[in-house]
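Down below is the structure, laid out as structure tokens.
FYI, it's all coordinate maths here, none of it is from the lab. Nothing here was measured: the structure is a model prediction, and the numbers come from that model. Please note: Cβ atoms are built from the backbone with ideal geometry, for glycine as well, and neighbour counts cover all protein chains shown.
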Amino acid sequence: MPRRRVAKEVGLSAWLRVLSLFVVVAVAGCAATPAPARQDAARSGGATFAPWTSEDYRYRIGPGDELSVRFVVNPDLNATVVVGPDGRGVFPLISAQDVAGLTAEEANALLSRAYATVLRAPQVETLVAGYGASQIYIGGEVRDPGVKTIKGRLTVAQAVMSAGGFQDTARTGHVVVIRQRPGDPRLLMRTIDVRDNLNGKSGDDFAVLPGDLIFVPRSAITEVNRFVRQYVTGVLPFNFNYSINRGTRY
């Protein structure tokens with residue numbers, strides 16, 4: 001393996017280990033804090049997370065995506081354009097446009113302005129018709145952690161399933177999602193509860209985006225259960241494991 005590639009992979013692994021440790025510390029601080037204050041608690045622990053807004057849930061176009069461009073008045077110009085590795089798409093009548101990192105609405109506004117230079121009052125409709133392959137990282141208490149290549153839209157729960165699902169030790173009520181907003185060096189972090197989604201109910205879940213890091217922390221009950229198995233089971237006259245879990249969801 002070339003030396004440059006080895007160095008790159010070692011650097012990525014080291015970065016992921018440091019970030020995972022950072023997440024563990026942040027989650028530990030969040031766990032004892034009411035939900036509305038979780039981001040503030042993370043910042044007080046040394047993190048510099050940006051506020052997570054509704055805009056941060058919107059999909060942004062990337063290389064390999066297919067854009068469907070439709071013209072209300074000029075249907076002969078309708079086209080499906082694949083975004084190239086450089087983030088640009090080649091559209092009829094106009095020069096290549098840099099659309100990577102834009103939402104579908106932002107790309108539509110960009111194309112409308114570009115087509116206004118060659119058409120009179122163009123009415124353009126731009127949609128993401130297909131998704132290119134992208135990568136996310138899933139770590140922590142999953143059966144097959146690592147970098148995963150995805151294509152299409154996946155929720156956080158579905159992404160975890162693509163990593164083999166949760167370990168028995170996973171804290172499924174506090175799954176961490178970290179992402180970065182384009183043009184902002186700060187990270188975004190959310191902890192979500194995916195237990196209802198795993199049971200076929202609607203719950204706190206949303207689509208992952210390219211580059212997301214998903215971290216599943218270990219349940220706090222795991223260490224207690226290990227202690228029970230080693231030192232208590234068979235000694236006390238009751239099921240201690242059942243007692244500490246009763247009425248508690250992890």
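Between Leu93 and Lys151, the modelled labels are 3.3 nm apart [label points 7 Å from Cα along Cα→Cβ].
Rounded to whole numbers, the Karplus 3J(HN,Hα) couplings from phi for segment 117-129 are 7, 10, 10, 8, 6, x, 10, 10, 10, 10, 10, 7, 8 Hz, using 6.51 cos²θ - 1.76 cosθ + 1.60 with θ = phi - 60°, and x at Gly and Pro.
Apply the a/c threshold of 1.5 to the C-alpha gyration tensor of segment 94-214 and tell me whether it is rounded, prolate or oblate.
On the way: a/c = 2.82, a/b = 2.50, b/c = 1.13.
It is prolate, given that a/c is not under 1.5 and a/b is the larger ratio.
Residue-wise HN-Hα couplings along segment 140-150, as the Karplus relation 6.51 cos²θ - 1.76 cosθ + 1.60 with θ = phi - 60° gives them from phi, are x, 7, 10, 7, 9, x, x, 7, 10, 8, 10 Hz; Gly and Pro carry x. Residue separation of Asp184 and Phe206 scaled by 0.36 nm, minus their Cα-Cα distance, works out to 5.8 nm of gained length.
Distances between placed amide hydrogens fall under 5 Å for Gly64 paired with Val83, Gly84, all partners being 5 or more residues away or on another chain. Shape class of segment 66-130 from the alpha-carbon gyration tensor: prolate, with a/c at 1.5 or above and a/b greater than b/c. If you take all other residues with their beta carbon under 14 Å from the beta carbon of Ser134, and give Lys and Arg +1 and Asp and Glu -1, the sum is +2.
Close amide H pairs (under 5 Å, H built 1.01 Å from N) link Val142 with Gln167, residues at least 5 positions away or on another chain.
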